[in-house]
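Reading through the structure tokens given below for one structure.
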Amino acid sequence: MPRYFIQLSYNGTAYHGWQVQENTKLTVQETLNEMLSRLLNQPVSVTGCGRTDTGVHAKDFYAHFDVTIDLLSDKDKWIFRFNNALPADIAISGIYKVKDDANSRFDAISRTYEYRISKKKDPFGIDASWFLYGELDVAAMNKAAALLFDHTDFSSFAKSNTQSFTNNCKIYKAEWKEEGEILVFTISADRFLRNMVRAIVGTLTEVGKRKMSTEEFVKVIESKNRSNAGFSVPACGLYLADVAYPAGYFKE
């Protein structure tokens with residue numbers, strides 16, 4: 001049976017994360033499964049490139065599924081039909097035919113997240129960023145963020161009691177940039193641990209508030225103890241921004 005990837009984005013505010021839940025809570029995966037099964041008139045179960053938590057957004061997300069219908073014969077029509085059947089907070093932008101053993105989760109070579117902090121209270125942005133009152137030392141936060149490159153074990157920022165076989169990750173990028181009233185943290189790695197980005201951001205804001213030095217930040221990493229790190233910042237400011245696959249991956 002042919003395998004396809006869909007490329008999508010979503011506002012995660014209304015959803016209890018990506019992953020289908022055993023209870024009746026609404027998820028992005030469940031919403032896609034129901035829509036695709038109905039429109040394609042056959043059971044469809046999508047596998048996502050990751051598992052975003054409740055309230056987390058995705059600018060760039062991939063999911064794969066198998067279906068007997070040729071979706072590329074009129075790709076634009078199918079994209080239109082899918083989007084017309086989806087709620088306004090989920091949008092599909094691409095459909096790709098891939099090898100039968102392609103896997104949206106395990107074949108990804110890197111992922112990039114963004115975390116957005118608003119320096120000004122904005123009633124229209126409450127679900128799109130985290131409002132943090134007070135000044136932050138961005139230079140100190142960038143100095144501390146650069147120290148992440150020197151480490152691979154990020155147990156200090158991992159959620160406890162997960163099924164992850166290792167807490168080692170290779171970070172490729174970690175930096176803060178100011179965009180008007182918004183402060184954006186961008187981080188790329190080969191893989192991420194559950195809750196890792198939100199815990200890193202929470203700890204870096206402690207540096208930005210001058211409550212933690214860069215030396216103390218290193219000690220937090222080296223302690224491999226989650227209780228030594230900062231709090232987990234709210235989900236509303238977190239976005240999965242990019243998922244990368246090997247060169248030529250989507251070429252037939």
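Rule-based calculations on the coordinates, nothing more; no lab input. Not measured: the values here are computed from a predicted model. When we count neighbours, we look across all protein chains shown, and the Cβ atoms used for this are built from the backbone with ideal geometry, even at glycine.
Ordering Val28, Val207, Val20 from the fewest to the most neighbouring beta carbons within 10 Å gives Val20, Val207, Val28. Annotation for region 11-47: GluC sites (Glu not before Pro) lying in DSSP loop with at most 14 further Cβ atoms inside 10 Å of their Cβ are Glu22. Pairs exceeding 18 Å between alpha-carbon atoms, taken from Lys59/Lys99; Lys177/Lys209; Lys143/Lys209: Lys59/Lys99. Between Asp76 and Lys224, the FRET efficiency from the beta-carbon distance, with R0 = 45 Å, is close to 0.35.
Spatially, region 142-204 and region 1-75 are offset by 26 Å when compared through their Cα centroids.
Taking the number of other C-beta atoms within 10 Å as the exposure measure, put His151, His64 in order starting with the fewest.
Lowest count first: His151, His64.
DSSP beta bridges fully contained in region 110-242 are about 90 percent antiparallel. The distance between label points at Asn168 and Lys120 comes to 4.6 nm (points 7 Å beyond Cα on the Cα→Cβ vector). Sites listed here are trypsin sites (Lys or Arg not before Pro) in region 1-51 whose DSSP assignment is loop and whose Cβ has at most 15 other Cβ atoms within 10 Å: Lys25, Arg51.
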